[in-house]
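Novice: First the structure, then my questions, so here it is.
Derivation of every value follows stated rules applied to the coordinates shown; laboratory data play no part. Note that this is a predicted model, so its numbers are computed, not measured. Note: ideal-geometry Cβ built from the backbone for every residue, glycine included; neighbour counts use all protein chains shown.
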Amino acid sequence: MRHFLSIKDFNKTEILEMIALAQQIKDETKAKKFVPYLKNQTLGMIFEKSSTRTRVSFEVGIYQLGGIGLFLSSNDIQLGRGEPLKDTARVISRMVDMVMIRTFEQSRLDEFAKYSQVPLINGLSTEYHPVQIMTDYFTLLEIGISSPVVAYIGDGNNIAHSWLMLASKLGLDIRVATPVGYECDENIIADAQKFAQESGATITFSNNPSQAVKGVDVVITDTWVSMGQESEKEVRIKAFDSYKVDSNMMSLAKPTAVFMHCLPAYRDYEVSEEIFEQHSETIFLEAENRLHMQKGIMVWLDNHRND
Ligand code: CP
Ligand code: NVA
């Protein structure tokens, strides 16, 4: 059985298999052909943090695959009152066919997976957001950008980390610019550099966003204040002041460059209203593709249940 906790755990062939499945299922869905790949299966969806896209896309996705989703907010289940995660895992995984969790530390996913009888999917942790970054790459392929040079501008957070994993597995060129003190996690960088040696990926880090975006195909950013960091908001806004993706910043990228954002986007902090609206077609395709990409991942995991 395989879990989907980080892109780190998958090789290039497997990543591309999931994307191909997502494209196939998207084409079928668009043709109003709802193939029940996960007929009668139940997806438990545990949320310890807020969500719009992840909740809706997983719930609609499992339904369109012939199954049903259970929304389990930690505010409402005993987990939020202190029932151990390992007990929650042992109970829920006896009743459902797959689980998705949005949580804090990645170690919580590892613990759940250890006690789970069914495949587990990471719907965002403090360290990673793998379903989002698979979707980002799926979206780039769909709009005809297959070997992008990518700049990630902003916080060295879950989005940056998952992009590092994807780029290093697929052999892409990624340039990450973060303010001093907000760099990516050292262990995750070390893993990415190890995978990059095998794949031929080029990974560079700097504290210079203008340098990082020079000539790239794709510019990516994310909120400066992730969920759980609300108390640091004022300090962070000051530290990230020169990291806003605006027309000056975008003009340094290729003239054909696209801008992506996982959403929610905070205007006039990490991105200007102008750049956001100029690139809204890509951004909302990226949001829609969460639905299709996650169906690909769920079906792939189901196909590998007995591995
Ligand atoms: N991008 C993303 O995961 O959005 P939500 O927080 O709304 O799920
Ligand atoms: N980095 C953000 C992503 C939200 C989808 C967070 O963790 O809050």
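Novice: Output wanted: per-residue J couplings in Hz (rounded whole) for region 31-38, from phi through Karplus 6.51 cos²θ - 1.76 cosθ + 1.60, θ = phi - 60°, x for Gly and Pro.
Specialist: 8, 6, 9, 9, 7, x, 4, 10
Novice: Still on this structure: If I take every Cα pair under 8 Å that is 6 or more residues apart in the chain, average their sequence separation and divide by the length, what percent do I get for the relative contact order?
Specialist: Values: 576 pairs, mean separation 65.4, N = 307.
Over the chain, the number comes to 21 percent.
Novice: Still on this structure, I have one more. Could you tell me the relative contact order of region 37-147? Use alpha-carbon pairs under 8 Å, at least six residues apart, and round to a whole percent. The partial results should precede the final answer.
Specialist: Working: 165 pairs, mean separation 27.3, N = 111.
Averaging sequence separation for qualifying contacts and normalising by length gives 25 percent for region 37-147.
Novice: Here's a follow-up. If you consider only alpha-carbon coordinates, what radius of gyration and Dmax does the chain have, in Å?
Specialist: Rg, Dmax (Cα atoms, Å): 18.8, 54.
Novice: Looking at region 242-274, which GluC sites (Glu not before Pro) are in a loop (DSSP not H, G, I, E or B) and have at most 11 other Cβ atoms within 10 Å?
Specialist: Sparse-neighbourhood loop GluC sites (Glu not before Pro): none present.
Novice: Suppose only helical runs count, i.e. DSSP H with n ≥ 4. What mean residue ellipticity at 222 nm does that imply for the chain under -39500 (n - 2.57) per run, divided by all residues and rounded to the nearest 500 deg cm²/dmol? Could you put the intermediate results ahead of the total?
Specialist: Values: 12 runs with 135 residues, N = 307.
The per-residue figure over the chain is -13500 deg cm²/dmol.
Novice: So which of Lys86/Lys114; Lys8/Lys49; Lys32/Lys295 end up more than 19 Å apart, counting from Cα to Cα?
Specialist: Those over the limit are Lys8/Lys49.
Novice: Can I ask one more? In region 39-132, what is the volume of the convex hull around the alpha carbon atoms, normalised per residue and reported in Å³? Before the final figure, lay out each step's value.
Specialist: Values: hull volume 8.1 nm³, N = 94.
Output value, Cα hull per residue: 86 Å³.
Novice: Could you state the number of Å between the C-alpha centres of region 1-59 and region 178-224?
Specialist: 26
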